[in-house]
Amino acid sequence: MSRIGKMPVEVPAGVTVTLDGQRVAARGPKGELELDVRSPIVVGWQDEPGKTIVVTRPTDEKAHRALHGLTRALIANIVKGVSQGFSKTLEIVGVGYRAQARGNGLELRLGFSHNIDFPAPDGIRLETPNPTTIIVSGADKQQVGHTAAVIRSFRPPEPYKGKGVRYQGEYVRRKAGKTAGK
């Protein structure tokens, strides 16, 4: 049995989860999210409705085992997202590189001849506590990670001087570069 798939998902106070056939919908203080569960996997309540969600699989086939853990993890992410939310922090390194929140988006200055205006997708908040830090937050874990990856892709960190946009705590392997010849 899958170690992750067999763990029940606890529903915290303030979050309502509805199970309608193969559809799981969660509503909480951070928003609403839905998930369509693939057909061989069954989602139900453990004891009393509204407290604990259990994910089961029909057989021990490889495909069912793979979907079992995946489905449980996606449901846990939905429940956590609508109750607490997710966030990723990006750091900007480089002389003159900066970001500024503008309305429902972001203005980035990353050493190009033009500024990059990045509109925030629906359900995503972009904050800049200082000019070299960007906080991407929202209820959907996948959307938060994707938005952070798109912002990072505008100027990924380069290995010679380390300039660019990186995740907080990301290690950038540095190269020596050219040496002057004699």
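See the values below:
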| item | result |
| --- | --- |
| Where the stretch 1-135 is the region considered: accessible area per residue in Å², 1.4 Å probe | 59 Å² |
| Cα centre as origin, Lys/Arg/Asp/Glu Cβ charges: the chain dipole, Debye | 1260 debye |
| Furthest towards positive pole of dipole, 116, 160, 100, structure part the chain, Cβ charges | 160 |
| Gaussian network model of the chain, Cα within-10 Å springs - most flexible of 58, 12, 29 | 58 |
| Distribution of pairwise C-alpha distances over the stretch 129-182, 10 Å bins, in % | 21, 41, 23, 10, 4, 1 |
| Unit charges on C-beta of K, R, D, E only; dipole of the stretch 106-182, Debye | 800 debye |
| Listed residues 87, 113, 39, most fluctuating in the chain (Gaussian network, C-alpha, under 10 Å) | 113 |
| Degrees, to the nearest 10: 141-153 long Cα axis against longest axis of the chain | 10 degrees |
| Top of 28, 169, 105 by mean-square fluctuation, Gaussian network on the chain, Cα under 10 Å | 169 |
| Selection from 89, 73, 59 lying farthest towards where the dipole of the stretch 59-102 points positive, charges on Cβ | 89 |
| Space enclosed by the convex hull of the alpha-carbon atoms of the chain, per residue, Å³ | 166 Å³ |
| The stretch 3-21-the stretch 88-108 distance, computed between alpha-carbon centres (Å) | 36 Å |
| Order of exposure, largest accessible area first, which applies to 91, 61, 107 with probe 1.4 Å | 61, 91, 107 |
| Entries of 88/175; 141/163; 6/62; 88/161 with Cα pairs more than 19 Å apart | 88/175; 141/163; 88/161 |
| Carbon/sulfur fraction of accessible area - the stretch 1-79, other protein chains in place, 1.4 Å, % | 52 percent |
| Angle between the chain longest axis and helix 62-83 axis [Cα atoms, degrees, rounded to 10] | 70 degrees |
| Over the chain: helical MRE at 222 nm, DSSP H runs n ≥ 4 each giving -39500 (n - 2.57), nearest 500 | -6500 deg cm²/dmol |
| Sequence-distant aspartates and glutamates (8 or more away, or on other chains) whose Cα lies within less than 16 Å of residue 178 | 158 |
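The values are calculated or read from the model by the stated rules, or taken from the named source; none is laboratory data. Remember, it's a predicted structure, so these values are computed and weren't measured experimentally. No Cβ is skipped: glycine too gets one built from the backbone with ideal geometry, and neighbour counts run over all protein chains shown. Note: accessible area is taken over every heavy atom of the protein model, side chains too, but ligands, DNA and RNA are not part of it. Shrake-Rupley method; radii C 1.70, N 1.55, O 1.52, S 1.80 Å.
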